[in-house]
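Trainee: Dumping the structure here so I can ask a few things about it.
Just so you know, all these numbers are worked out from the coordinates, no wet-lab data involved. None of the values given here were measured: they were computed from a predicted structure. Because the Cβ atoms are built from the backbone with ideal geometry, glycine has one as well, and the counts that use them run over all protein chains shown.
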C-alpha cells in the first residue's frame, strides 16, 4: 500500500472522491508544498547570511534549487502517467516553463523592494521582512504556481502523450 493510498483511506468518503478526481492537482500541490519549504528555507538562509545585501539574488538561487527538486518530484510522482517525450526534450520544456515562472515569481518582490521602497532604511526590518515574505513567497509563488500547473499540463506532460504505468 502506498502512502497516498494510506492517506486516502483515512479521508471521509466525500473528500476521498474529490481527492481521487483531482489526484494530479493534489499531488502537484503536495510537491509544491515541499518545494515551498525548500525555497523559503534556502532563501532565508542565504538572505540572512552570505547574501544579506542581495535578497533578490538569494530568492532566485532558492527558486532554482527548489525547481530542480520540483522537476524530479513532478516527473516521478505528480505527472508520472503523462508525458512520453524523450527525457531531454521534456526536461528542456520543464525548465523553460520554470524559467518563465521564476521571472513571474520575482516581479512582486522587485516591486515591493524597488518601487514601493519597502526596505531598510525606509521602513523597519519587520516591515521589510514581512513585505519580502508576502510579495515573494505568497503573491509571487501563487502567480508562478498557477502558470507552472497550466504550462506543465499543456506542454511538458501533455495527456495525449501519456503512458499508463
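Trainee: So residue 159 clears everything in (1) without any contact (Cβ under 8 Å) to a residue 12 or more places away in the chain; (2) loosely packed, with under 14 Cβ neighbours inside 10 Å except one condition, right? Which one?
Mentor: Going through the list (1) without any contact (Cβ under 8 Å) to a residue 12 or more places away in the chain; (2) loosely packed, with under 14 Cβ neighbours inside 10 Å, residue 159 breaks only (1).
Trainee: Restricting to helices (runs of 4 or more DSSP H) lying wholly in the stretch 1-65: which have 3 or more residues that are closer than 23 Å to residue 151 by Cβ and in contact with a helix residue (DSSP H, G or I) (Cβ under 6 Å, 6 or more places away or on another chain)?
Mentor: Counting at least 3 such residues, we get 23-47.
Trainee: Can you find, within the stretch 70-90, the residue that is farthest from the chain's Cα centre (by Cα) among those that are surrounded by 15 or more Cβ atoms within 10 Å (Cβ to Cβ) and in a helix (DSSP H, G or I)?
Mentor: Ranking the candidates gives 90 first.
Trainee: For the list (1) in contact (Cβ under 8 Å) with a residue 60 or more places away in the chain; (2) within 22 Å of residue 149 (Cβ to Cβ); (3) surrounded by 15 or more Cβ atoms within 10 Å (Cβ to Cβ), I need the number of the one condition that residue 105 fails.
Mentor: Answer for residue 105: the failing condition is (1).
The rows are residues; the columns are (1) touching a residue at least 40 places away in the same chain (Cβ under 8 Å); (2) surrounded by fewer than 16 Cβ atoms within 10 Å (Cβ to Cβ); (3) assigned to a helix (DSSP H, G or I); (4) over 12 Å from the mean Cα position of the chain (by Cα).
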position	(1), (2), (3), (4)
122	no, yes, no, yes
127	no, yes, yes, yes
132	yes, no, yes, yes
136	yes, no, yes, no
144	yes, no, yes, no
147	yes, no, yes, no
151	yes, no, yes, yes
154	no, yes, yes, yes
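Trainee: Being over 11 Å from the mean Cα position of the chain (by Cα), surrounded by 15 or more Cβ atoms within 10 Å (Cβ to Cβ) and touching a residue at least 24 places away in the same chain (Cβ under 8 Å) is the requirement here; does residue 38 meet it?
Mentor: When the stated conditions are applied, residue 38 does not pass them.
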